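Here is the structure we will look at.
The values are calculated or read from the model by the stated rules, or taken from the named source; none is laboratory data. Keep in mind that what you see is a predicted model, and the values were worked out from it rather than measured. Here the Cβ positions follow ideal geometry from the backbone for every residue, glycine too, while neighbour counts run over all protein chains shown.
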Amino acid sequence: MATTVARPGVDLRPSQAQALAYRGGRLAITAAPGAGKTFILTQLVVHLVADLEVRPDEILILTYMRSAALTFRTRVASELARRNLSARGLTTCTIHSFCQRILRQDLGRLDPAEDDACETLGFRLLAEPEQYALLRRGMAAFLGDRQRSKGYFGRLGDRDPESAAREAIETARRCIGAAKQARRPLTDLARSLSAMPEVAFIAAHYAETQIADRALDFDDLLVSAVDRLRGDPGLLAHYRRTLRFLLEDEAQDSTPVQNELLELLAGPDGNLVRVGDPNQAIMSSFTNSTPGLFREFCQQVPVIAMCESSRSAEPVIGLANSLVRLADSHQELTLRDTFAGEPIAPATAGPRNPEPLPDVLRWRQFGDRDE
């Protein structure tokens, strides 16, 4: 891979120019907030099509949000149109939409806005609000049983019941997701949670309702898609042959099964570019995402660090870097290992940093806790 590339009419920062020299293989791009992640992914697709003559239908962009998929689709089409090139055939979709495509055994192109193909499989896809509603109903059913709730409230002691119920629901959600990612039956999960009967009950209620309603959640989609590819070498070979370049957005939010899916699709010698911020995890509060997976990927492949950011004024950047250094030096290992990557730097090209407003931000870093 060359070190730099120039693109006429585009004001590139050094790291962005380096990213646009990509010609194939595996690559990690770490991007600080405001570093131009969406911009560079868009320009990277343009580079593949315009400079390397890759066909748009050989490129797959996977995102976590439908809005992000549509943004990439629109921007890439616009940029290619400026060069009298077409984006026809380019697939930009959420990971879950792509999993539905695999399960349908549909070798045609998937509409990037399509998220309801489970109906053709005879299942209903549970949206996140429905998942939470189902978990809450499980907790309500548990509390509605006088014998169970009596022991439960006895264990609470002075804890706030509403807060404890929310914690039980969240614990159940994470346990259910982890069990599915590990391909463990939820019935086994319920038995292993004997010390938390409310969580075990919610998990069992969730599983029973899913079966009765023929409903799939997002974890089911991922696991089923991976198993489908592993069980059908011909289908896997088709995707590897036709989708020659895989680009993942928000890679820090990948789960173990999503990671497995990407590795399957790319194959050992495929072209895989993963872009993310190892210092954040947008979806970790709502999914079983594992930011450490992206960091491990960064240790195994070439890395381009896009540290220049134009989102914040320079004093804000200075404060953020100081807080990261403080965490890195913390005596607790869990805090020291929280952050990774280079400090954020002010932008040297492209959009510039905003001017700081007077007296909006003041901070001082003390040398020790007794100062």
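Could you tell me whether Leu221 is out of contact with any strand residue (DSSP E or B) (no Cβ under 6 Å at 6 or more places or on another chain) and crowded, with 20+ Cβ neighbours inside 10 Å? Step through it out loud before you land on a result.
Numbers: out of contact with any strand residue (DSSP E or B) (no Cβ under 6 Å at 6 or more places or on another chain): yes; crowded, with 20+ Cβ neighbours inside 10 Å: yes.
When the stated conditions are applied, Leu221 passes them.
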**Complete:** Subset of the stretch 193-221, residues without any contact (Cβ under 8 Å) to a residue 40 or more places away in the chain, assigned to a helix (DSSP H, G or I) and over 28 Å from the mean Cα position of the chain (by Cα), comes to Glu208, Ala212
**Message:** Based on this model, can you work out whether Leu70 counts as part of a strand (DSSP E or B) and within 20 Å of Ala127 (Cβ to Cβ)?
**Reply:** no
**Request:** Scan the stretch 15-42 for residues that are without any contact (Cβ under 8 Å) to a residue 40 or more places away in the chain and closer than 27 Å to His238 by Cα and jot them down.
**Result:** Arg23, Thr42
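Condition check ((1) β-branched (Val, Ile, Thr); (2) at pLDDT below 95) across all residues:
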position: Tyr22; (1), (2): no, no
position: Phe39; (1), (2): no, yes
position: Leu52; (1), (2): no, no
position: Leu60; (1), (2): no, no
position: Ile95; (1), (2): yes, yes
**Asked** Does at least one position in the stretch 203-211 carry a residue that is on the phi < 0 side of the Ramachandran plot and in contact with a Gly (Cβ under 7 Å, 6 or more places away or on another chain)?
**Response** yes
**Asked** So is Leu70 in the same structural domain as Lys37 (by TED's automatic domain parsing), surrounded by fewer than 20 Cβ atoms within 10 Å (Cβ to Cβ), of a type in the set (A, V, I, L, M) and touching a residue at least 40 places away in the same chain (Cβ under 8 Å) or not?
**Response** yes
**Request:** Scan Ala178, Ala204, Ala212 and give me the residue that is surrounded by 13 or more Cβ atoms within 10 Å (Cβ to Cβ) and over 30 Å from Ser67 (Cα atoms).
**Result:** Ala204
**Message:** Among (1) surrounded by 13 or more Cβ atoms within 10 Å (Cβ to Cβ); (2) at pLDDT below 90; (3) among the aliphatic types (A, V, I, L, M), there is one condition Ala195 misses while meeting the rest; what is its number?
**Reply:** (1)
**Count of the stretch 214-259 residues which are among the acidic types (Asp, Glu) and farther than 28 Å from Ala35 by Cβ** = 5
